[in-house]
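Undergrad: Dumping the structure here so I can ask a few things about it.
The values are calculated or read from the model by the stated rules, or taken from the named source; none is laboratory data. Keep in mind it's a predicted model, so treat the numbers as computed, not measured. Neighbour counts are summed over all protein chains in view; Cβ atoms, including those assigned to glycine, are modelled from backbone coordinates with ideal geometry. Surface accessibility is based on the protein's heavy atoms, side chains included, excluding ligands, DNA and RNA. Shrake-Rupley method; radii C 1.70, N 1.55, O 1.52, S 1.80 Å.
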Amino acid sequence: MSERAIPESSEHKSSSKLVPFPVAPPAKDRLDPKRHWLVAGLASLLVLAIAGAAWWALTERSTVHYVSVPVAKGLVTRTVTATGTVNPELTIIVGTAVSGIIKELNCDYNTQVKKGQTCAKIDPRPYQSVVDENRANLTIAKAQLEKDKANLAYLQLALGRAATLLPTHAVSQDVYDSAKSNYDQAQAQITFDEATIQQRQASLDAAQVNLDYTSIVSPVDGTVVSRNVTMGQTVAASFQTPTMFLIATDLTKMQVDANVSESDIGGIKLGNKATFTVDAYPKRTFEGTVTQVRQSPQTVQNVVTYDIIISVTNSDLTLMPGMTAASRIVVDLRNDVIRVPNQALRYAPKALSGVVPPSPSGIWLLRDGTPVSIPVVAGLDDDNFTEIVSGDVKPGDIVITGEQMATIKKAVTPRLGT
């Protein structure tokens, strides 16, 4: 309500007063009803948006999903890995001691041979001629011996007559001495002839040995796994015996020649069990036994390794010589023991990360949905499991190996006010 002053007239100037009266407000200060409803609607929408955001934030929460497995009893093995080659237990190298041209070839790859069977033959004619020559020389030496024996018999008679006539002075002492000398020389000649015969016999035997060497025979019963000569080939045995055949004695008994590093060789003993696979049969596992740990080291690029021999039965002839074997030698074993995955010993809740480091001698069990730390004493471990020697752990417990964070939204049913 504003007040306005009314001017007084001249005749009433002495008694003039300000008299208030109501005045209408300006049009711009008046509130439009439509504008009032618009402002009220916008304010309501803003309140609803804030309430919805608060409801969404309050109903959205994160939860932890534990990766767990049940504790069970089983086998824990510690193994050493090594790479080797499959070979027969005994492989015979068949070569030649004489040189010459291959005239016959009777054995090939995979041929089953018997001991003494001829596999190849070198041209024997040069060696046969040497044998014939030495046999003739032996015959000459024997004939010479017979001749000298006859001469010895004659000289013995002459010496006897001279000895009889010497006392009667029918012959002189010189005649007797000459007869005695001739007899002694004849006896020496007999000894010489006998030695010559032995020499010629030895030469004949040597020539016969070389002749026999022209026949290449198998020294054992077995299977030919390699043939390195062909018909008509010339072989030379001047400094080194050339290899003609490789014969495996028994392909049903094979072995793996594996190389083990010096850091692992200390745990390998005779009788250790071993398994291995070959590329030809990736889904099959072969079993064997360590039968030899060789003391001779091998150094390649400053890496020291030792050879071990793993014997394996090959009754079905599946394994073939030369196959590459990936071996695992069992150096320690625990059977029917409580075991947990190796990840369980390395797990710790993320809430403790940075505050409490993972304990190498403790695991976390899930009991009533809550993780509980359990101290344990670990024993033998392999690539997958660890033996639990002692601790409050039994088969059937749920051991935690990891965790995953998951966000879930809980549906909220709004209530209507009363």
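Undergrad: Tell me the residue from THR111, THR81, THR77 that is farther than 17 Å from LEU211 by Cα, of a type in the set (S, T, N, Q), surrounded by 13 or more Cβ atoms within 10 Å (Cβ to Cβ) and touching a Lys or Arg at 6+ places or on another chain (Cβ under 6 Å), please. Break it down into steps so the answer makes sense when it comes.
TA: Details: THR111 fails: touching a Lys or Arg at 6+ places or on another chain (Cβ under 6 Å); THR77 fails: touching a Lys or Arg at 6+ places or on another chain (Cβ under 6 Å).
Of THR111, THR81, THR77, the one residue that is farther than 17 Å from LEU211 by Cα, of a type in the set (S, T, N, Q), surrounded by 13 or more Cβ atoms within 10 Å (Cβ to Cβ) and touching a Lys or Arg at 6+ places or on another chain (Cβ under 6 Å) is THR81.
Undergrad: What are the pairs with Cβ atoms under 8 angstrom where one residue, in region 85-106, is closer than 16 Å to PRO242 by Cα and the other, located anywhere, is assigned to a strand (DSSP E or B) and of a type in the set (Ser, Thr, Tyr)? Sequence gap at least six, or different chains.
TA: Short answer, once both residue conditions are applied: ILE93/THR243; VAL94/THR243; GLY95/THR243; SER99/THR234; GLY100/THR234; ILE101/THR234; ILE102/THR234.
Undergrad: Hey, another quick one. For region 163-174, give me each residue that is at pLDDT below 90, aliphatic (A, V, I, L, M) and either outside any helix (DSSP H, G or I) or within 21 Å of GLN187 (Cα to Cα) (or both).
TA: ALA170, VAL171
Undergrad: Here's another thing I want to ask about it. Within region 137-162, restricting attention to residues that are within 10 Å of ALA186 (Cα to Cα) and open to solvent by less than 70 Å² (accessible area, probe 1.4 Å), which residue is nearest to the chain's Cα centre (by Cα)?
TA: Residues of region 137-162 within 10 Å of ALA186 (Cα to Cα): 148-156.
Next cut, open to solvent by less than 70 Å² (accessible area, probe 1.4 Å) only: 148, 150, 152-153, 155.
Numbers: ASP148: 75, ALA150: 79, LEU152: 79, ALA153: 81, LEU155: 84 Å.
Taking the candidates together, the pick is ASP148.
Undergrad: Any residue at all in region 87-99 that's in contact with an Asp or Glu (Cβ under 7 Å, 6 or more places away or on another chain), at pLDDT 70 or above, assigned to a strand (DSSP E or B) and farther than 30 Å from GLY271 by Cα?
TA: No.
Undergrad: For SER327, indicate whether it is surrounded by 15 or more Cβ atoms within 10 Å (Cβ to Cβ), in a strand (DSSP E or B) and among the hydroxyl-bearing types (Ser, Thr, Tyr).
TA: Details: surrounded by 15 or more Cβ atoms within 10 Å (Cβ to Cβ): yes; in a strand (DSSP E or B): yes; among the hydroxyl-bearing types (Ser, Thr, Tyr): yes.
When the stated conditions are applied, SER327 passes them.
Undergrad: Shifting gears a bit: Considering only residues that are among the hydroxyl-bearing types (Ser, Thr, Tyr) and under 23 Å from LYS253 (Cα atoms), which ones fall in region 288-310?
TA: Taking region 288-310 first, the residues among the hydroxyl-bearing types (Ser, Thr, Tyr) are 289, 291, 296, 299, 305-306.
If the condition is that a residue be among the hydroxyl-bearing types (Ser, Thr, Tyr) and under 23 Å from LYS253 (Cα atoms), then THR289, THR291, TYR306 are the ones that fit.
Undergrad: How many residues are part of a loop (DSSP other than H, G, I, E, B) and within 13 Å of VAL209 (Cα to Cα) if we restrict to region 114-139?
TA: First, pick out the residues of region 114-139 that are part of a loop (DSSP other than H, G, I, E, B): 114-117, 123-124.
So of that shortlist, the ones also within 13 Å of VAL209 (Cα to Cα) come out as 124.
Within region 114-139, residues that are part of a loop (DSSP other than H, G, I, E, B) and within 13 Å of VAL209 (Cα to Cα) number 1.
Undergrad: If you don't mind, there's one more thing I want to ask. Do you know which residues across region 112-160 are among the aliphatic types (A, V, I, L, M) and within 24 Å of SER203 (Cβ to Cβ)?
TA: ILE122, VAL130, VAL131, ALA136, LEU138, ILE140, ALA141, ALA143, LEU145
Undergrad: Which pairs turn up if I take residues in region 319-345 that are within 20 Å of ASP307 (Cα to Cα) and in contact (Cβ under 8 Å) with a residue 60 or more places away in the chain and look for partners that are of a type outside the set (Ser, Thr, Tyr) and outside any strand (DSSP E or B) with beta carbon separation below 7 Å, at least 6 apart in sequence or on another chain?
TA: Close Cβ pairs (under 7 Å, with a partner that is of a type outside the set (Ser, Thr, Tyr) and outside any strand (DSSP E or B)) amount to MET323/ALA280; THR324/ASP279; ILE329/ILE268; ILE329/ASN272; VAL330/ASN272; VAL331/GLY267; VAL331/ILE268; VAL331/ASN272.
Undergrad: Shifting gears a bit: Out of all the residues in region 311-321, is one or more open to solvent by less than 70 Å² (accessible area, probe 1.4 Å), within 29 Å of THR386 (Cα to Cα) and in a strand (DSSP E or B)?
TA: In the first step, residues of region 311-321 are kept if they are open to solvent by less than 70 Å² (accessible area, probe 1.4 Å); the result is 311-312, 314, 318-319, 321.
Still in the list and also within 29 Å of THR386 (Cα to Cα): none.
No: region 311-321 contains no residue that is open to solvent by less than 70 Å² (accessible area, probe 1.4 Å), within 29 Å of THR386 (Cα to Cα) and in a strand (DSSP E or B).
Undergrad: Moving to a separate point now. Select the strands (runs of 3 or more DSSP E) contained entirely in region 185-304, then report the ones holding at least 2 residues which are open to solvent by 60 Å² or more (accessible area, probe 1.4 Å).
TA: Working: elements: 215-217, 222-227, 243-248, 253-261, 273-278, 281-300.
Correct list: 253-261, 281-300.
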